[in-house]
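Student: My questions all concern the structure below.
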Amino acid sequence: MRDRVPVVVQGSGRRVRRAGLAGVLWAAAELIVTVGVVVLLLVVHQVWWTNRQAAAAAQEQVQALERAWGEVSLPASDSPSPSPSPSPSPSPSPSASEPGAGDVPVPGPGGAGGAGAAAAATRAARPAAGPSERDRAYAVLRVPRLGLVVPVAQGVDKRAVLDKGYAGQYPGTAGPGAQGNFALAGHRNTHGEPFRYINRLRAGDELIVDVRGHRYTYVVGKILGETTERDTGVIAPVPRSVVKPDQGYSEPGAYITLTTCTPEYTSKNRLVVWGTLLKSS
């Protein structure tokens, strides 16, 4: 009887290994797709849904303020808009668009002005300084060129103020219409992104701030396209960049400052828009 020689079938082993590798690759592909879908949903939530929520809530807050004030303010598109003209460069002599030290000029008849009156009006409109009151809106910022209407609250805390779609006033800065610098921060992207398009502002554009019973109209004078987040000079009482000392002002006055992140979808640097008080009513 002949001895039988065992036959080794190599092909089946290769097929098993291939099948195992295919299973691993398929599982990895499923995991990648799942992670991608989750990331996409998070992006949609952050970029789209939070914008809708914050923007809607901010507009409700504007309406609530106007009801509390007992009057409906003019929409941004209907606000009186004199022909814009570039704000003059700082000079020792005060002008209507760049007040000098010690006064807040109010051009035109019937204007009610003065740093003391503006400060008193702002104090009356601001909420109490308690922890539960500090982040409540007390003013409305209107930017006719951008069609922007946004509530203003004290502080720049993200969760308490900025993520609500509000503009936040930097602590320690001047109130609306008062001598010094009324300095505001706002998101450029997500959470209502109220300051997304402030890079489109130009010299002569109006920035209108409504507080209970008072309206302060500023005119854009200068724009600093980019500076670092540590450039505290841009919100100083006389705003001037400490990073780019040739940018800013040199004379006391009643200023407004808008700051936001730049480039878009980053928080690397800051974009700054400055304006000076034109009139109050």
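Every read-out reported here was derived from the displayed coordinates using simple, explicitly stated rules and does not represent laboratory data. All figures in this text were calculated on a predicted structure; none of them were measured in a lab. Cβ placement follows ideal geometry from the backbone for every residue including glycine, while neighbour counts extend to all protein chains displayed.
Student: Can you sort T217, T228, T260 by how many other beta carbons sit within 10 Å, fewest first?
Tutor: So the residues, fewest neighbours to most, are T228, T217, T260.
Student: Follow-up. With point charges of +1 on the Cβ of Lys and Arg and -1 on the Cβ of Asp and Glu, referenced to the Cα centre of segment 202-241, which listed residue (Y216, T228, G204) lies farthest in the positive direction of the dipole?
Tutor: Y216
Student: Could you size up the charge dipole of segment 208-281 around its Cα centre, putting +1 on the beta carbon of Lys and Arg and -1 on that of Asp and Glu, and report it in debye to the nearest 20?
Tutor: Taking the Cα centre of segment 208-281 as origin, the dipole is about 180 debye.
Student: Once the convex hull of the alpha carbons of segment 160-281 is built, what does its volume come to per residue, in cubic angstrom? Walk me through the numbers before you get to the answer.
Tutor: Values: hull volume 12.4 nm³, N = 122.
With only Cα atoms used, segment 160-281 gives 102 Å³ per residue.
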